[in-house]
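None of the figures in this text is laboratory data; all of them are computed from the coordinates on show. Treat the numbers as computed from the prediction; the structure is a model and nothing was measured. Cβ sites come from the backbone with ideal geometry, for glycine too, and all protein chains shown count toward neighbours.
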Ligand code: UN1
């Protein structure tokens with residue numbers, strides 16, 4: 001038994017309101033700090049790697065039962081989860097703010113994203129449609145059916161500690177798959193809060209929910225590794241850095257598991273001469289500095305037509321100058337803390353590298369006045385002579401690189417000339433430009449927008465991207481297919497045995 005963590009009464013109250021018991025929070029060795037003031041808010045017991053086989057076996061046992069519960073009934077559990085999330089919205093949003101440092105509205109927005117995907121998944125539970133396929137043989141019928149797949153491992157990142165879990169879990173559950181969740185070591189408390197909320201939904205659902213439909217494992221890479229390498233975890237969804245995905249993806253595919261990877265982004269906006277600059281400025285500032293630049297969809301590159309570059313940069317500098325940076329719990333705050341000192345190190349290293357490559361840095365300094373003891377930083381705007389190596393690298397901090405262009409072809413080439421391919425956008429009132437950007441010769445990203453920024457996607461679309469972003473798709477559209485196995489069936493209701501392709505084999 002270790003001492004109680006030395007947290008503030010405010011933090012303790014948030015955790016109490018979330019239903020997390022003090023005993024649970026003080027028993028272990030994993031130190032959880034709030035980025036708001038760097039105080040330790042919990043010491044959690046970690047899952048030991050040698051416990052993982054049992055965790056996976058429990059999920060497998062749950063699967064054996066859950067796969068036979070009719071999908072619309074499985075949807076009912078997700079409906080109840082949505083109801084419980086609505087009731088707990090404030091309490092869970094507060095834990096997101098406490099643990100990830102998001103401003104209040106963004107913490108609540110993340111919970112809303114969970115609620116939205118529960119609604120979506122409920123409808124989906126009645127629409128797990130297969131196909132009927134015309135057979136080439138007389139008296140034959142072909143069809144395609146989608147079946148539950150097995151336990152789904154979900155590894156999530158600190159910056160969106162709960163919504164990406166929900167994108168995966170809500171779909172996995174209606175598709176008949178139990179979930180094993182490994183949250184980031186930095187944000188396990190949000191996961192434990194969600195587990196409590198989930199248990200309330202299960203209690204209301206009744207007896208046909210097996211135990212262990214959702215398990216949360218707390219710990220580091222070794223715990224994740226057990227999920228990544230187990231043949232009994234057929235689906236492994238992971239959100240995080242490209243480096244993480246490069247390590248995880250091949251291990252999953254080596255055992256012929258199915259990885260769903262949502263990795264780094266290096267998202268850009270092209271600002272064309274016809275752009276509505278008032279709208280562009282608002283979109284740029286939200287997507288570049290919101291969540292302190294720590295979204296995978298954050299705007300990191302601005303590719304602006306030379307004719308409006310000077311004006312746009314001046315307006316951005318002005319907007320950056322009036323940003324409210326500080327305690328994310330305060331009303332009207334726009335930029336909260338970075339997750340920790342290592343994020344500031346990475347930001348400083350990127351800014352000095354960009355300067356070395358000919359960039360001019362505006363902002364980017366530490367903010368120490370009027371803020372708690374966390375890592376608070378002024379977002380940086382960096383004018384670059386061209387798209388250098390540093391610009392091509394994702395730094396998880398509020399840095400926006402600005403580059404000029406002359407022709408749309410040049411802008412699109414520059415846009416696509418980075419390793420990542422998550423989100424993108426163009427601001428233009430010119431239909432030809434907008435449609436070109438969305439066409440096969442335009443943006444190469446999984447998400448491409450016109451006259452809105454790259455971040456803040458709705459759950460109804462498929463979320464994810466190409467190239468170093470990993471290729472996975474989660475959330476809306478037909479992402480549910482990633483959580484089921486497809487079976488093609490041919491039924492012969494004739495009295496003959498014809499072979500396909502006209503092959504004869506008379507015995
Ligand atoms: C992430 O940063 O990992 O589109 C997810 C957005 C949010 C999700 C971001 N809906 O910005």
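Overview of values
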{"quantity": "Where only C-alpha atoms are counted, convex hull volume of the stretch 118-202 per residue in Å³", "calculated": "118 Å³"}
{"quantity": "Stretch gain in nm, segment residue 68-residue 310, where the contour uses 0.36 nm per residue and the Cα spacing is subtracted", "calculated": "80.9 nm"}
{"quantity": "Convex hull volume per residue in cubic angstrom - Cα atoms of the stretch 43-154", "calculated": "171 Å³"}
{"quantity": "Rounded Å value of the spacing that divides the Cα centres of the stretch 256-321 and the stretch 333-361", "calculated": "16 Å"}
{"quantity": "Cα centroid separation, the stretch 438-507 to the stretch 70-132 (Å)", "calculated": "24 Å"}
{"quantity": "Listed peptides 18-29, 113-124, 290-301 by packing density, highest first (mean Cβ within 10 Å)", "calculated": "290-301, 113-124, 18-29"}
{"quantity": "Reference-scaled alpha-carbon Rg (2.2 N^0.38 Å with N residues) for the stretch 160-252", "calculated": "1.10"}
{"quantity": "Debye equation applied to the C-alpha atoms of the stretch 208-274, log10 I(q)/I(0) at 0.27 Å⁻¹", "calculated": "-1.23"}
{"quantity": "Two-decimal Rg/Rh across the chain, once Rg and the Kirkwood Rh are taken from alpha-carbon atoms", "calculated": "1.01"}
{"quantity": "Square roots of five times the Cα gyration tensor eigenvalues for the stretch 412-493, Å", "calculated": "31, 14, 14"}
{"quantity": "Ranked packing of 433-440, 269-276, most packed first, by mean Cβ within 10 Å", "calculated": "269-276, 433-440"}
{"quantity": "Residues of the stretch 467-490 with amide N under 20 Å of a point placed 7 Å along Cα→Cβ from residue 144", "calculated": "472-490"}
{"quantity": "Per-q log10 I(q)/I(0), the stretch 267-460, q = 0.07, 0.17, 0.19 Å⁻¹ (Debye; single scatterer per alpha-carbon; no solvent)", "calculated": "-0.18, -1.08, -1.34"}
{"quantity": "Helix-only [θ]222 nm of the chain, DSSP H runs n ≥ 4, -39500 (n - 2.57) each, per residue, nearest 500", "calculated": "-12000 deg cm²/dmol"}
{"quantity": "In range of the label at residue 486: residues from the stretch 136-152 whose backbone nitrogen is under 16 Å from the point 7 Å along Cα→Cβ", "calculated": "142-149"}
{"quantity": "Relative intensity, log₁₀ I(q)/I(0), of the stretch 18-98 from a Debye sum that treats every alpha carbon as a point, q = 0.24 Å⁻¹", "calculated": "-1.06"}
{"quantity": "The stretch 146-191 and the stretch 366-414: distance between their alpha carbon centers, rounded to Å", "calculated": "31 Å"}
